[in-house]
Each structure stands twice: as structure tokens, then as C-alpha cells.
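Peer 1: Got a structure for you, questions after.
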Amino acid sequence: MLCLYCQRKIGLLRRLTDSEYCSQPHRVAARAQSARALRDSRDYDIFADYDEESTVFVKPIHGIASKRPQSQSSLTSTAAFGLLLVVGVFVATLGMPEGSGRQVPRAEGRGPVDSFRSTIRSYATVKLQDDFKSGLGSWAPSGSSGRDWTFKDGFARPAKLRLWKGSLTLADYSLEFVSEIEQKGLGWAYRAKDSRNYYANKIVITKPGPLPTANLVRYAMVNGIQRNHSSTPLNMTLRRDTLYKVQMTVKGADFSTAVNGQMVETWSDESLRTGGVGFFADNGEVASLRYVQLTDKDTVIGRFLSYLGFMRPVSPAMF
């Protein structure tokens with residue numbers, strides 16, 4: 001792109017905000033020259049093409065090729081902001097200290113490109129999805145004893161606690177899954193580190209039959225000791241073959257759970273700060289998992305960085 005005033009090439013950063021002039025002084029000078037040309041012109045019909053707000057002409061005047069400026073789209077603004085963010089993070093990364101607080105020389109630490117990509121990924125949206133079609137490779141046994149998971153009709157049937165490997169380093173996230181409960185109930189863990197430290201929720205069938213009733217049970221397992229036990233009825237119409245769509249939000253010390261679009265409970269607890277997601281079924285409980293989805297850092301900037309390709313590896317896609 002060439003400047004309409006001096007015919008020189010417009011710089012890359014300048015083009016993000018102005019695709020017509022290489023600098024603000026040249027834009028001002030071009031407007032002044034256009035105004036003088038208007039005063040000297042005897043063809044007053046040119047006023048029909050005059051933009052009073054921008055003082056820029058649609059028609060060329062005395063050799064000056066001018067056009068009505070186009071409004072910048074939100075996409076251009078986002079791209080400019082994202083580019084500045086990426087450059088800023090890259091510059092900051094070059095001198096960023098490691099976990100010990102000691103600045104690591106490039107020769108003994110990671111290279112600047114690796115550090116840059118790692119830092120960018122820490123801001124990018126993370127989305128994990130699994131429909132268990134490829135088995136249990138993404139789910140690690142937690143060390144608890146008991147029967148292991150099985151499969152029926154292509155869906156996973158949880159048993160002893162297994163943890164989702166890709167989620168173990170996370171802290172705040174949104175969790176969604178669909179399950180069918182055949183007998184008694186199903187449990188899931190979050191902020192889970194191992195079999196002795198996690199939060200747990202369970203949907204427990206309290207009255208079986210064609211029209212069952214169920215409760216949402218929750219507790220914290222800290223150093224192998226169960227505490228803060230709570231039970232809340234699911235005030236909704238259920239059937240024996242009901243599919244339960246559960247949506248959880250885990251953020252800081254605050255938690256919320258919705259079942260089939262209905263908010264069931266919100267609460268707070270500060271015992272566990274980080275940890276991933278897992279599922280389990282106690283003795284006598286039988287349930288199947290259809291799919292699981294977890295999203296972390298679901299923000300405009302996070303999605304933009306993911307779009308650029310700075311996204312963490314994801315589990316097998318749900319579809």
C-alpha cells in the first residue's frame with residue numbers, strides 16, 4: 001500500500017489503523033491540500049461528493065486520489081490488539097525468571113521461542129473433549145483399589161476413580177458431561193490431585209422405579225478424610241432412562257452445578273486450589289458416560305490466541 005500523499009510504502013503497524021497515509025502529518029497535509037483545491041475550483045458541483053465530517057473527497061481533485069475512509073471492523077481491532085499482546089508477551093518472556101525467581105541464561109534454559117510459545121499457551125483457551133471412542137488412554141487410575149471401568153454399547157462405565165490426564169494441572173474451568181444412570185448413582189471429582197484429595201459430586205437415586213427421585217450429593221475428600229457432606233434434592237421430573245446433562249463451573253473458591261439446564265446448587269470451599277476432573281462409581285452403582293467436555297480460560301483473548309495456533313493439545317474430539 002502506498003501513501004496517498006507522498007506515494008511511499010505504508011508500514012505494517014501503520015496499516016492496522018490507517019491504510020491511506022503513512023503518518024498523521026501526511027493525512028493532515030492531504031486534507032489541507034484538498035480544502036485549498038476546493039476553494040480554487042470553479043466546478044461547485046464537486047460539493048456533492050464532499051464529506052463534511054472527514055473533509056476527504058470521494059472524487060480525485062487536482063491529482064490527489066482520495067476516497068471516503070471505511071470504518072474499521074471489529075476484526076481489525078481485535079487483530080491489532082492481539083498482535084500487540086503477542087509482541088508484548090514475547091518481549092516480557094525473554095527476561096522472564098523461572099519458578100525459583102532466578103533468571104535462567106538462554107544457554108541453560110529453554111530458548112526464547114519455546115519460552116514465548118509456553119507463555120502464550122498459558123493464556124490460550126483450553127478445550128478438552130472425549131467420547132471414549134478411543135478407549136481410556138486419557139484417563140489415569142488414581143491409585144484407588146476396586147473394579148475397573150468397562151464399556152457397553154460404546155459408552156464408558158466408570159468404577160474406581162480415574163482422572164483425566166489433560167486436566168490435572170488446571171484450576172478454574174467449566175465441565176460438561178452427559179450420563180445415564182442405570183443403578184443407584186454416579187460420582188465425579190474435580191480439583192482432584194489423587195485418590196485422597198478431591199471434591200466430589202454424586203447424583204444418587206433415592207427412590208428407584210419408573211419415576212425415580214434423586215439427590216445431588218457433594219463432599220470434600222482432604223487427605224483421605226471426607227468432610228462437608230451435603231445433599232440437595234433434584235426438583236425435576238425424572239424417568240428410569242433419563243439422560244443427565246451436568247454443567248459445572250469451578251472458579252476460585254466458588255462452585256455451581258446445573259442438571260438438565262436447572263441450577264441445583266452453588267457453594268464455596270477453599271480446601272483445594274488446583275486439580276483435574278475424574279469419574280467414579282461406588283459398589284452397586286452402574287452408569288454410562290456419553291461424552292465429557294472441559295473448557296478453561298474461555299475469554300475473547302484466550303479464543304483469539306487459540307485461533308492463532310497457540311493452543312494446548314486436546315483430547316480426542318467429541319465429534
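The values are calculated or read from the model by the stated rules, or taken from the named source; none is laboratory data. Quantities reported herein were computed from a predicted structural model and do not represent experimental measurements. Note that each Cβ is placed from the backbone with ideal geometry, even for glycine, and that neighbours are counted across all protein chains shown. Heads up: the accessible areas ignore ligands, DNA and RNA and are worked out on the full protein's heavy atoms, side chains in. Shrake-Rupley method; radii C 1.70, N 1.55, O 1.52, S 1.80 Å.
Peer 1: For the range 256-288, what are the residues that are more than 23 Å from ILE225 (Cα to Cα), hydrophobic (A, V, I, L, M, F, W, C) and surrounded by 14 or more Cβ atoms within 10 Å (Cβ to Cβ)?
Peer 2: Within the range 256-288, ALA258, VAL259, VAL264, VAL286, ALA287 qualify.
Peer 1: Pairs under 9 Å by beta carbon, first residue of a type in the set (Asp, Glu) in the range 245-256, partner open to solvent by 30 Å² or more (accessible area, probe 1.4 Å), six or more apart or different chains?
Peer 2: If the second residue must be open to solvent by 30 Å² or more (accessible area, probe 1.4 Å), the pairs left are ASP254/THR266; ASP254/SER268.
Peer 1: Filter the strands (runs of 3 or more DSSP E) completely within the range 169-283 down to those with at least 1 residues that are aromatic (Phe, Trp, Tyr).
Peer 2: Strands (runs of 3 or more DSSP E) meeting the threshold: 173-183, 185-194, 197-207, 213-222, 243-251, 254-259, 262-268, 276-280.
Peer 1: Taking the condition within 31 Å of the chain's Cα centre (by Cα), among the polar types (S, T, N, Q), open to solvent by less than 40 Å² (accessible area, probe 1.4 Å) and under 24 Å from ALA258 (Cβ atoms), does SER167 pass?
Peer 2: Yes; evaluated as a whole, the condition is true for this residue.
Peer 1: Being surrounded by fewer than 18 Cβ atoms within 10 Å (Cβ to Cβ), of a type in the set (Gly, Ala, Ser), over 21 Å from VAL126 (Cβ atoms) and in contact (Cβ under 8 Å) with a residue 12 or more places away in the chain: is that true of SER174 here?
Peer 2: Taking the combined requirement at face value, the residue does not satisfy it.
Peer 1: Turning to a different aspect of this structure: Please state which one of TRP149, TRP188 is of a type in the set (Phe, Trp, Tyr) and over 29 Å from the mean Cα position of the chain (by Cα).
Peer 2: It is TRP149.
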